[in-house]
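Enquirer: Encoded as structure tokens, here's the structure I'll be asking about.
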Amino acid sequence: METASEGQKVATGEVARGFRKRDAFATGLGVLTATLGSAVGLGNIWKFPAMTGQNGGAAFIIVYLFCTLLVGLPVMMSEHMLGRRARKDAINTMRDLAPRRQPWWLIGAAGGLAAFLIMAFYSEVAGWVFAYVFKAASGSILSTDPATNSASFGALVSDPWQALLWQWIVLIWVGAIIMMGVSKGIERVTKKLLPLLFVLLIAVCVRSLTLDGAGEGIKFLFNPDFSKVTGPVVLAAMGLAFFKLSVGMGTMITYGSYFKEDQNIPATATKVMLADLTVSILAGLAIFPAVFALGFDVAAGPSLLFEIIPAVFASMPGGDFFVIIFFLLTAIAATGAMISIVEVPVAFLTEQFRLSRQTATLLTLGLLALVGAPAALSFSELSETSIFGKTFFDLYDYASSNILLPVGGLFICIFIGWVWGFDNVKRALSNDGALNNQGIVALFFTVVKYITPLLVLLVLLDGLNIL
Ligand code: PHE
């Protein structure tokens, strides 16, 4: 920002240099793929199917679609607008745009905490994916027998040293990418490989859908039974909508800060949302027909992906090769998402404590190794330890997706609707009048001022049993 004081320039210089993204986002397509790189990840391939399976299928998906449209999309657009206006990291964006002395920067700080909790369990799941790349390469996982596949996954996660080791490998991998300043290079690789993952998913869908007995799975995905939709289920669906689009914690504010002035924000956010949904639905179509056809447990949860994918590939020509590629591409998608998560605390530390980027990354990953360890051990040594009735793994997931992200999103909407106001929104969404989109602006403003915050609040209170 030209008007920034010298002090602010010094403070943000580190972040800007580290990101080196201002030039990377020079094209509209660059913005789209970078934002997609953060959104698409284990959320689509691992979490969406696991939660759909545990929460009754089609009805959960419908609630999730509503939440994505009425909550995820408006919050994403809001974050992009704020970041592009301030051109800072999340905390300093909120500090700059807030009226004097109002502590809106706390949204950014809460986002830092959310990023930490998410990464603590995400890195473990990514560790399992990395492990499966190697297991697949050594040819030991292809089987259509539920018991065999479940035992094989169980052996990995219940061995405390393996669980820790794979998590550390992931943390070192992510740290090395960030510290070597090659995030941009990785983004470029991800950009090229995501379409491959897409194609492979379609191939898996075809196999899964043509298995004998696949019809049950299709029914599960498309025939809703709303009797299973309770308050906590709606909250889980809303939490997933936040998690999926990487919103509610400042990631998209940071990305917005690298948008060009003439980037069409409503169009970009809508495209990201649609592409992200497509990947999730494809993952569902790849997994559920096979789950029912081959007799797997639909409510297996975190282990679902790791049990069923080897089974589908076991019944496919060339499966022993393609299963390696599948887990490899999943690992790459997870890496793109993890880089965007870790960026939040790293930016926070460089800003707040004037640390160098290297030190901030080392500190973040060191802390993550500590905070992440209980998540890694939640399936072995700490499987009996519970806090609020949850293992550490589940607690981190629940606290971030079901509490911190919705609360962050709620305050972002309140800020946009009630503090920033209509004129700012109109200027931001229409690119200072260059876009002729008054209808979209008016609709967006009504939704973000009244509907989204009310919805988030009600779902939160009901889901947490406060109402
Ligand atoms: N959206 C990512 C996924 O689905 C996870 C993520 C959450 C990334 C929050 C950044 C911030 O895998």
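The values are calculated or read from the model by the stated rules, or taken from the named source; none is laboratory data. Everything numeric in this text was worked out from a predicted model, so none of it was measured. Note: ideal-geometry Cβ built from the backbone for every residue, glycine included; neighbour counts use all protein chains shown. To get the accessible areas, we keep the full protein, side chains included, count just its heavy atoms, and leave off ligands, DNA and RNA. Shrake-Rupley method; radii C 1.70, N 1.55, O 1.52, S 1.80 Å.
Enquirer: Of the residues in the range 342-366, how many are surrounded by fewer than 23 Cβ atoms within 10 Å (Cβ to Cβ) and within 21 Å of F130 (Cα to Cα)?
Expert: Residues that pass the stated criteria total 1.
Enquirer: With the condition being within 16 Å of the ligand (Cβ to nearest atom), I'd like the helices (runs of 4 or more DSSP H) fully within the range 165-276 carrying at least 1 qualifying residues.
Expert: The qualifying helices (runs of 4 or more DSSP H) are 183-209, 231-244, 251-256.
Enquirer: If only one of E351, E343 is within 16 Å of the ligand (Cβ to nearest atom) and acidic (D, E), which one is it?
Expert: It is E343.
Enquirer: Among the numbered criteria (1) crowded, with 24+ Cβ neighbours inside 10 Å; (2) outside any helix (DSSP H, G or I); (3) among the β-branched types (V, I, T), which single criterion is violated by V298?
Expert: (1)
Every residue, every condition in (1) within 15 Å of the chain's Cα centre (by Cα); (2) surrounded by 23 or more Cβ atoms within 10 Å (Cβ to Cβ); (3) basic (K, R); (4) under 26 Å from L305 (Cα atoms), yes or no:
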site: V206; (1), (2), (3), (4): no, no, no, yes
site: L211; (1), (2), (3), (4): no, no, no, yes
site: V233; (1), (2), (3), (4): no, no, no, yes
site: A241; (1), (2), (3), (4): yes, yes, no, yes
site: S246; (1), (2), (3), (4): yes, yes, no, yes
site: S257; (1), (2), (3), (4): no, yes, no, no
site: A286; (1), (2), (3), (4): no, yes, no, yes
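Enquirer: Does F415 count as crowded, with 18+ Cβ neighbours inside 10 Å and farther than 26 Å from W105 by Cβ?
Expert: When the stated conditions are applied, F415 does not pass them.
A quick yes/no check of all residues on (1) open to solvent by less than 40 Å² (accessible area, probe 1.4 Å); (2) part of a loop (DSSP other than H, G, I, E, B); (3) away from the ligand (no atom under 13 Å from the Cβ):
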position: I107; (1), (2), (3): yes, no, yes
position: A114; (1), (2), (3): yes, no, no
position: L117; (1), (2), (3): yes, no, no
position: S123; (1), (2), (3): yes, no, no
position: Y132; (1), (2), (3): yes, no, yes
position: L142; (1), (2), (3): no, yes, yes
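Enquirer: If you don't mind, there's one more thing I want to ask. Just to be sure, is V312 open to solvent by less than 10 Å² (accessible area, probe 1.4 Å) and in a helix (DSSP H, G or I)?
Expert: Answer is yes for this residue.
Enquirer: Could you check, for the range 53-63, whether at least one of its residues is within 28 Å of W173 (Cα to Cα), modelled with pLDDT of 95 or more and away from the ligand (no atom under 16 Å from the Cβ)?
Expert: Within the range 53-63, none of the residues are within 28 Å of W173 (Cα to Cα), modelled with pLDDT of 95 or more and away from the ligand (no atom under 16 Å from the Cβ).
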